[in-house]
Amino acid sequence: MLTGTLLRLPRTCQDANVEPINAADPAIARIALGVRSSIDDLVAAAVQEIWDQVPAYPGSNDAQLRADVTGHVRAIFDVFLAGLTGGQPARRSEFTMTREQATRRVAQGITLADFLQAFRIGQLTLWHGVAESDRVRRDLLEDLLARRASFTGAKRAILRAAGLGADTRLLVASAVLAGDQSDLHALRDAALAMGRTRGNGARALVVVRQDEIVLVAPVPRGGAEPVVAGLRRACAGLRQRQIALAAGVSTVRAGLPEVADAYAEARIARDGLGTAAGVLALPLLSSLDYLVLRDDETARRLIRPEVRRFVEEDTAAGGALIATLVEFAASDLNAVAAAERLHLHVNTAYYRLDRIAERTGCDVRRLADVMELLIALRLLGAFPAARATRTS
């Protein structure tokens with residue numbers, strides 16, 4: 001490869017004075033950000049190209065070869081990235097690992113000529129990736145949303161780096177800047193943070209799609225909770241930097257052919273936050289929560305006036321009756337159990353339930369009437385658990 005060739009050049013050719021890179025230049029900063037955000041994809045793509053183009057590599061019997069090549073490619077790309085961010089050109093001393101790797105390849109059955117060809121492929125992949133990585137990732141996402149599930153070349157490498165296969169259990173998150181924020185740099189910073197969300201240890205696929213961030217993440221065997229927790233940690237860290245995200249998370253899906261459906265779910269969840277920041281994750285909601293999640297004015301118009309009036313007035317008064325109703329329902333319509341959980345005298349609980357019945361015209365001893373009240377609470381945004389979920 002080019003770097004291998006450089007190692008044999010006279011020192012004066014390698015360490016000659018070169019005009020320093022201005023790391024503060026916006027164009028350089030954008031390149032550095034693009035490389036940093038996609039470096040795992042670039043490394044995976046380079047390794048895959050080496051395996052596809054140099055027969056000696058897939059023909060080797062050394063089980064450690066792919067891991068060694070991956071580590072070497074990553075080290076070289078890190079040198080390039082350090083040069084961009086540090087404003088200094090690479091020096092001969094920073095490529096000592098390449099001489100060591102060349103010697104190791106001989107022991108692994110790789111000739112020097114094949115090693116140099118592989119090195120050149122890595123360099124070409126890096127430069128091509130600098131220009132094309134964002135476009136390829138966006139194209140890959142659009143393919144997934146169009147229900148395409150067979151990929152080759154760079155797209156396959158990106159999926160592999162993200163830990164995503166045809167049958168991988170996955171979820172999708174859709175996030176936008178909350179409120180009236182509109183800042184492309186903030187959006188890209190947020191995408192980098194979301195990309196560190198870990199599911200099964202692999203890096204998720206993250207794409208900035210116009211004013212939206214879309215994440216496709218593998219789900220570990222334990223379920224979606226670790227992925228959602230990682231996303232919430234990322235959002236909390238961003239809020240400390242004055243970047244507020246509204247993110248919706250889909251249910252767990254069975255593989256790449258279901259990404260489009262998962263994306264639609266994530267958008268519904270995100271829309272359920274309205275203009276508020278936070279993470280609303282469908283895997284952590286009940287079916288009732290989901291059914292009343294969408295902003296449906298028709299459903300709200302069907303709420304009886306006396307029920308609406310009760311909800312509005314009790315919410316304004318502190319919500320004591322609403323809290324009693326919710327706990328009563330959670331206690332399987334057992335007033336004694338509800339009183340204990342609310343730390344109330346049982347007579348107080350009965351009194352509050354009677355007041356609810358009087359003001360709404362509902363019989364709280366009937367499950368259908370209690371369900372009507374609970375649905376009204378959710379549709380009107382007055383359900384205590386729903387408020388906590390939306391702002392978490």
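List of remarks:
- When the residues ASP271, ASP180, ASP41, ASP289 are ordered by accessible surface, computed with a 1.4 Å probe over the protein chains alone, the sequence from largest down reads ASP180, ASP271, ASP289, ASP41.
- Taking a sphere under 9 Å around the Cβ of ARG359 and counting the other residues whose Cβ falls inside, with K and R at +1 and D and E at -1, yields a net charge of -2.
- Length gained on full extension, ASP183 to SER150, computed as 0.36 nm times the residue gap minus the Cα-Cα distance: 8.4 nm.
- Estimated FRET transfer efficiency when R0 is 30 angstrom, pair ALA229-SER287 (beta carbons, to 0.05): 0.85
- The mean sequence separation of alpha-carbon pairs under 8 Å and at least six residues apart, normalised by the residue count of segment 177-272, gives a relative contact order of 24 percent.
- Heavy-atom accessible area for SER287, with the other protein chains in place and a 1.4 Å probe, reaches approximately 90 Å².
- A simple spin-label model places pseudo-atoms 7 Å from Cα toward Cβ; at ASN61 and THR111 they are separated by 2.0 nm.
- Trypsin sites (Lys or Arg not before Pro) restricted to DSSP loop in segment 122-171 with at most 15 other C-beta within 10 Å: ARG147, ARG148
- Packing-based order for 367-376, 57-66, using average beta carbon neighbours within 10 Å, highest first: 367-376, 57-66
- Rounded FRET efficiency, nearest 0.05, which uses the C-beta distance separating ALA166 from LEU124 and R0 of 30 Å: 0.60
- Trypsin sites (Lys or Arg not before Pro) restricted to segment 217-268 and DSSP loop, no more than 14 other C-beta within 10 Å: ARG221, ARG241
- Cβ-defined net charge surrounding ALA118, 13 Å radius [Lys, Arg +1; Asp, Glu -1]: 0
- If the chain linking GLN240 and ALA260 were pulled fully straight, counting 0.36 nm for each residue of separation and taking away their Cα-Cα distance, it would gain 4.0 nm.
- Residues GLU313 and ASP271, FRET efficiency given R0 of 30 Å [Cβ-Cβ distance, rounded to 0.05]: 0.60
The values are calculated or read from the model by the stated rules, or taken from the named source; none is laboratory data. All values derive from a computational prediction rather than experimental measurement. Quick reminder, even Gly has a Cβ in these numbers, built from the backbone with ideal geometry, and neighbours come from all protein chains shown. Accessible surface areas use protein heavy atoms only, side chains included; no ligands, DNA or RNA. Shrake-Rupley method; radii C 1.70, N 1.55, O 1.52, S 1.80 Å.
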